[in-house]
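Derivation of every value follows stated rules applied to the coordinates shown; laboratory data play no part. Since we're looking at a predicted model, the values are computed, not measured. All Cβ positions, even for glycine, are placed from backbone atoms using ideal geometry, and neighbour counts span all protein chains on display.
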Amino acid sequence: MSATRYEDQDLRGIRAICAVAAALLASACDGSSEPVVLQSDGPVTTYALSGSVSGLAGTGLMLADRGVAVTVSSGATSFTFGSVLNAGSSYAVTVQSAPDGLTCSVANGVGTAGTADVSNVAVTCTHKFYTLAGTIRGLTGAGLVLANRGNTVSVPANSTSFTLPTPVAYSKRYAVRVATQPAGLTCSVSNGSGAMPAGDVTSVNVNCLDEANTVGGTAKGLVLLLGLARSARFSTF
């Protein structure tokens, strides 16, 4: 084989290599090539999002984090969203709904996950407070004092309603009574006890009567009973 023939073959090989190189360069520069995908060496590690609950005395508590909600049972002392966090991902736990009669708040509920479970979120629930009130009839004199335990209110003459100054916590017992009678009147309470619902109580009734009428009515009743008894005794003969 002559030197000229080797030179021709070498030249053709060089031209082929240059053509391939040019094609690769054009593909890299025109933006049409597929992006390079890096393969992970193993599964992605996830971390749990959880916390504590205190004061949950009713049903209806629902917590949320980035559109995902969990329902927490009555009396529960903890909650969890499961393993929903990646390292570097943010979280924001909020109260989506609270039980009737309770107010619930979240502490340590916002942050960014590291490389460990998040378990320091704290949910605290407390009772709401409601008004205890009612209506009054026949209060023509001054001096009436109403009480619920140590909570008292002085009611002016001719009042037709009352409100005790200290609200009562949800689910707590109340019992309205007459602490001091007004001069010349006898007042009594009806519908005055129960457990505070998730709302104001305005159904307590106080009825006041003149003592003279009360004593007179009682005396008349006793006379009538004595008369009936006497008539019955004589009718037996």
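Listed here are the residues, each with its yes/no results for (1) in contact (Cβ under 8 Å) with a residue 12 or more places away in the chain; (2) under 30 Å from Ala48 (Cβ atoms); (3) part of a strand (DSSP E or B); (4) among the aromatic types (Phe, Trp, Tyr).
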{"residue": "Ser105", "(1), (2), (3), (4)": "yes, yes, yes, no"}
{"residue": "Gly111", "(1), (2), (3), (4)": "yes, yes, yes, no"}
{"residue": "Gly114", "(1), (2), (3), (4)": "yes, yes, no, no"}
{"residue": "Val123", "(1), (2), (3), (4)": "yes, yes, yes, no"}
{"residue": "Ala142", "(1), (2), (3), (4)": "yes, no, no, no"}
{"residue": "Leu146", "(1), (2), (3), (4)": "yes, no, yes, no"}
{"residue": "Ser171", "(1), (2), (3), (4)": "yes, no, no, no"}
{"residue": "Val176", "(1), (2), (3), (4)": "yes, no, yes, no"}
{"residue": "Pro197", "(1), (2), (3), (4)": "yes, no, no, no"}
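Show the residue pairs that are 6+ apart or on different chains and have beta-carbon atoms under 9 Å apart, the first residue being within the range 88-101 and in contact (Cβ under 8 Å) with a residue 12 or more places away in the chain, the second being of a type in the set (D, E, K, R) and in a strand (DSSP E or B).
Correct list of pairs: Tyr91/Asp65; Ala92/Asp65; Val93/Asp65; Thr94/Asp65.
Only residues that are touching a Pro at 6+ places or on another chain (Cβ under 6 Å) and surrounded by fewer than 17 Cβ atoms within 10 Å (Cβ to Cβ): list them for the range 60-77, please. Give the derivation first.
Residues of the range 60-77 that are touching a Pro at 6+ places or on another chain (Cβ under 6 Å), as a first pass: 60-61.
Once the filter is applied, which keeps residues that are touching a Pro at 6+ places or on another chain (Cβ under 6 Å) and surrounded by fewer than 17 Cβ atoms within 10 Å (Cβ to Cβ), the range 60-77 yields only Gly60.
Looking at the range 173-195, can you tell me whether even one residue there is of a type in the set (Phe, Trp, Tyr), closer than 11 Å to Tyr130 by Cα and surrounded by 15 or more Cβ atoms within 10 Å (Cβ to Cβ)?
No.
Any idea which of Ala92, Ala113 is surrounded by fewer than 15 Cβ atoms within 10 Å (Cβ to Cβ) and farther than 28 Å from Thr202 by Cβ? First the steps, then the outcome.
Values: Ala113 fails: surrounded by fewer than 15 Cβ atoms within 10 Å (Cβ to Cβ).
Exactly one residue qualifies, and that residue is Ala92.
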